[in-house]
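First the structure, in the form of structure tokens, and then the observations on it.
The values are calculated or read from the model by the stated rules, or taken from the named source; none is laboratory data. All figures in this text were calculated on a predicted structure; none of them were measured in a lab. Glycine also receives a Cβ, built like all others from the backbone with ideal geometry; neighbour counts cover every protein chain displayed.
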Amino acid sequence: MTDAHLRHRFHRRSLDQQRPLSTVIMGFTAVASLLFVLARGLVAGPAVSLPYRLACIVCLALLVAGVRNARTTWWFGACGVAYTLVLVVVIALNIAGLEQPLLWALPALLVIPVCSAPLWLTPTHFLAGTAVFYAAGMPLLFRQPQVHDVNVVAWLWVAIGVPAAVVFHLSFYWFRRDHFLLENRLAQLAATDPLTGLQNRRAFMEQAERRLGALDKEAKVCAIFVDIDYFKSLNDQFGHAVGDQTLYEVAQVLMDQTVAQDSVSRIGGEEFAVLRRDGLASALELAERLRGAISCIARPDGYVTASFGVAEHRAGESIMALLDRADEALLRAKQSGRNRVCAERAIPFDALQLLGLGDPSDPSGNARPRWEDYYLTSHFQPLYSLSHQKQVGFEALLRGEQSDGSLVPPAVLFAPRPLSDEGALDRASHAVHLANAQRLIPDEAWVFLNILPATFVAEGYADQLAGIVRSAGLEPDKIVLEILESHGGSVDEMSRAAARYREHGFLIAVDDFGAGQSNLDRLFRIRPDFVKLDGELIRATIPGTQQSILPKLVSLLHQAGMLVVVEGVETTEELILAVESNVDFAQGFLLGRPAAEIAPPDSVNRLIDRSFDVIAQGRAHLHALFESEVEPYRFALRNAADALLAGVPMDNAFADLAQQDLCISCFILDDRGRQIGPEVTGVAGANLGDSLEPVADPRDARWDHRPYFRNAVLLPGVPVASSPYLSLASGRPCIAVTVAIQSPEMRSVVGTELDWSSPHLPWPASE
């Protein structure tokens with residue numbers, strides 16, 4: 001900021017601050033002048049006509065009004081100078097005809113320059129006003145009769161008045177100037193990022209709101225969001241000093257490549273924002289220049305790169321909404337490989353016009369609207385209820401087709417484009433799917449529509465989609481909105497949006513649980529009706545065993561009130577596992593591939609039915625294997641319990657049981673589940689490591705909450721085997737065989753813990 005500009009701002013600020021004070025003091029002076037005129041009427045002697053003197057008072061009042069409404073420093077100063085001149089005229093007219101005029105004039109002539117000194121905005125005003133005042137006052141003095149020494153009076157007037165006025169004015173002026181400079185400095189510090197020297201977020205938002213509020217209807221403004229790629233690795237590997245230097249150099253690039261009319265800010269961390277007063281094409285060109293310039297900045301392991309998101313302001317839009325759209329474009333730039341520019345701009349379309357819009361060249365009557373260089377169409381993949389053994393829903397999948405009917409590769413169809421809006425394609429797909437579903441999908445079946453999180457949380461889309469559904473001849477309660485695993489929308493936003501969709505009757509599903517950002521917190525906040533498990537979860541097993549984690553996961557989701565869909569069922573073994581795990585619905589290539597037409601379900605129904613038969617047979621066989629493996633331990637435990645009741649010491653009573661291959665330990669629990677005496681270590685227990693040493697000693701623990709204790713108490717005298725569980729003492733899958741006995745002293749539970757971590761050991765069928 002130049003000195004001239006700073007002075008101009010200071011004088012403009014002084015004008016606003018001093019206008020009220022000047023108005024009051026000058027008004028007070030006008031009233032004093034009126035009293036001065038009225039007092040002259042009480043003194044004998046010839047006087048100037050009263051109307052002339054009152055006319056001067058009116059002039060003073062008009063000048064007071066002029067100062068009060070002054071909008072420029074020039075007008076303010078002119079009013080002040082004129083005011084002093086009128087005051088001199090009032091004094092001259094009022095003292096005419098008096099015997100001792102100097103006694104009336106001198107006090108006023110001394111007070112006026114001193115009292116006026118703080119009111120001048122600038123030193124120029126002060127010099128001009130003071131010079132005019134004394135130039136007009138000197139002739140007034142020297143025209144008076146030489147009753148007294150006029151020269152002495154004049155010199156006293158100048159000697160006292162001028163220094164006092166100068167001191168008063170300069171003191172007040174420099175006080176105001178220092179206060180302004182301090183205030184200006186504090187404002188700069190509050191609005192500036194100290195590292196880069198750019199605007200901080202708060203100042204940027206305030207300035208942007210003012211600029212958007214003052215826009216003409218035809219004016220265009222764009223926001224550019226900038227994020228330095230892999231900045232965290234720069235700090236982590238090379239230190240924060242290198243990171244700070246990189247931020248400074250990026251800021252310098254932004255300042256060098258932009259113009260004074262652009263607002264540039266460091267929003268926070270490694271993110272920057274630019275507000276450019278121009279259209280989208282100009283903003284994209286600037287973003288590309290910035291990207292190229294930033295990629296020339298060296299970092300210790302190569303060169304710095306940055307990702308850019310660009311959005312154009314829409315009429316009536318707030319700065320936050322504009323930045324949100326730019327941020328969405330930035331996320332697409334980062335997801336599509338970083339070091340690139342993406343623009344957010346919705347491709348206009350009327351969803352209702354897409355309903356029933358068939359391609360004349362397609363004899364099937366499919367809704368097949370033109371989109372860019374290809375057509376959009378729907379393929380449907382069936383979902384089966386395993387218990388009902390029938391099709392209950394169809395997932396609609398978007399496909400692109402060339403004019404000859406060949407499919408567009410998904411990498412082309414869903415590739416991010418700088419000037420396209422991913423959300424527009426998402427919304428268009430809903431209209432296409434609903435138009436095709438109305439013709440193809442049975443009335444009693446659900447239609448699963450994929451929806452991006454950003455589209456799901458978009459303001460007003462719940463109402464819009466409900467209208468599209470009804471226009472297609474369907475009802476929202478037949479539509480399941482399947483939230484995809486993608487960026488765009490926080491969990492809180494999606495939870496609130498889910499409530500809006502449910503008001504219309506839509507059902508909610510969360511896709512690909514178990515992959516990406518999916519987690520239990522997301523599920524419990526959104527509360528979907530369906531959870532679609534990622535296909536890899538079918539093949540996931542408990543570490544160290546061949547046992548699937550799917551049954552436990554399905555049980556957890558059922559307890560949370562959610563129905564479970566397993567995707568990616570490709571083999572008969574996976575279908576059998578899904579049935580055995582109590583999965584509600586299944587989907588995959590084994591049950592039906594996505595297709596433009598609905599395939600008859602008869603063969604799949606028979607396949608599911610055979611899976612139930614296989615499971616029924618397998619349960620019996622698995623139970624027999626498990627019982628045969630556990631029976632020797634039951635027999636040995638029964639003998640050990642009899643020996644303990646006969647008074648045999650623990651070591652001797654458990655000797656045979658402890659020597660069996662799977663025995664980790666043998667123990668006795670009292671009626672409160674606390675261990676009695678030391679445990680007897682078995683063969684398998686001698687091979688355990690010490691990784692869980694802090695909890696390896698079970699003697700301080702209480703075990704009556706465990707199923708193996710409760711089941712033994714319910715069947716006294718009968719050895720019972722538990723299902724496999726993760727042992728707190730050994731940290732590996734185990735089963736417990738226990739029996740409750742009653743001695744003369746007390747009831748106790750005698751048991752043994754068996755190592756069940758070998759993948760060759762049979763597990764009982766899932767409950």
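Overview of values
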item	result
Positions within segment 724-767 being within 14 Å of Glu631 (Cα to Cα) and polar (S, T, N, Q), in sequence order	Thr738, Thr752
Any hit, segment 178-193, residues being modelled with pLDDT of 75 or more and either basic (Lys, Arg) or touching an Asp or Glu at 6+ places or on another chain (Cβ under 8 Å) (or both)	no
Criterion violated by Asp613 - all others in (1) over 24 Å from Trp756 (Cα atoms); (2) touching a residue at least 12 places away in the same chain (Cβ under 8 Å); (3) charged (D, E, K, R) satisfied	(2)
Within segment 635-684, tally of residues that are of a type in the set (Val, Ile, Thr), over 15 Å from Ile741 (Cα atoms) and in contact (Cβ under 8 Å) with a residue 24 or more places away in the chain	3
So Val469, is it surrounded by fewer than 19 Cβ atoms within 10 Å (Cβ to Cβ), modelled with pLDDT of 90 or more and over 30 Å from Lys334 (Cβ atoms)	no
Near pairs, Cβ below 9 angstrom, 6+ apart or cross-chain, from segment 192-207 (touching a residue at least 24 places away in the same chain (Cβ under 8 Å)) to any residue that is among the hydroxyl-bearing types (Ser, Thr, Tyr) and surrounded by fewer than 19 Cβ atoms within 10 Å (Cβ to Cβ)	Leu195/Tyr248; Thr196/Tyr248; Gly197/Tyr248; Leu198/Thr192; Gln199/Thr192; Asn200/Thr192; Ala203/Thr192
Search result, residues across segment 299-316 that are touching a residue at least 12 places away in the same chain (Cβ under 8 Å), part of a loop (DSSP other than H, G, I, E, B) and under 28 Å from the mean Cα position of the chain (by Cα)	Val304, Thr305, His313, Ala315
Residue check for Asp216: touching a residue at least 40 places away in the same chain (Cβ under 8 Å) and in the same structural domain as Ile319 (by TED's automatic domain parsing)	no
Within segment 712-723, considering residues that are in contact with a helix residue (DSSP H, G or I) (Cβ under 6 Å, 6 or more places away or on another chain) and of a type outside the set (Val, Ile, Thr), the one farthest from Glu631 (Cα to Cα)	Ser722
Any hit, segment 297-304, residues being closer than 21 Å to Ala343 by Cβ and of a type in the set (Val, Ile, Thr)	no
Search result, residues across segment 323-338 that are touching a residue at least 12 places away in the same chain (Cβ under 8 Å) and either assigned to a helix (DSSP H, G or I) or under 16 Å from the mean Cα position of the chain (by Cα) (or both)	Leu323, Arg325, Ala326, Asp327, Glu328, Ala329, Leu330, Leu331, Arg332, Ala333, Lys334, Gln335
Whichever residue in segment 535-593 is in contact with a Pro (Cβ under 8 Å, 6 or more places away or on another chain) and polar (S, T, N, Q) and, among such residues, is modelled with the lowest pLDDT	Thr545
Failed criterion for Leu397 (all others in (1) at pLDDT 85 or above; (2) surrounded by 21 or more Cβ atoms within 10 Å (Cβ to Cβ) hold)	(2)
Qualifying residue in segment 584-594 (condition: closer than 30 Å to Phe448 by Cα, among the acidic types (Asp, Glu), exposed (fewer than 14 other Cβ atoms within 10 Å of the Cβ) and touching a helix residue (DSSP H, G or I) at 6+ places or on another chain (Cβ under 9 Å))	no
Sole residue being in contact with a Lys or Arg (Cβ under 9 Å, 6 or more places away or on another chain), hydroxyl-bearing (Ser, Thr, Tyr) and surrounded by 17 or more Cβ atoms within 10 Å (Cβ to Cβ), chosen from Thr84, Thr29, Thr73	Thr73
Test set (1) at pLDDT 75 or above; (2) buried (at least 19 other Cβ atoms within 10 Å of the Cβ) - Cys59 fails condition number	(2)
Selection within segment 253-279 - surrounded by fewer than 13 Cβ atoms within 10 Å (Cβ to Cβ) and touching a helix residue (DSSP H, G or I) at 6+ places or on another chain (Cβ under 7 Å)	Gly268
All positions within segment 727-742 that are closer than 23 Å to Ile676 by Cβ and at pLDDT 85 or above	Cys734, Ile735, Ala736, Val737, Thr738, Val739, Ala740, Ile741, Gln742
Number of the condition not met by Leu523 [criteria: (1) at pLDDT below 90; (2) in a helix (DSSP H, G or I); (3) surrounded by fewer than 17 Cβ atoms within 10 Å (Cβ to Cβ)]	(3)
Spans of helices (runs of 4 or more DSSP H) in segment 645-726 with at least 2 residues more than 54 Å from the chain's Cα centre (by Cα), under 14 Å from Thr752 (Cβ atoms) and modelled with pLDDT of 90 or more	650-653, 655-658
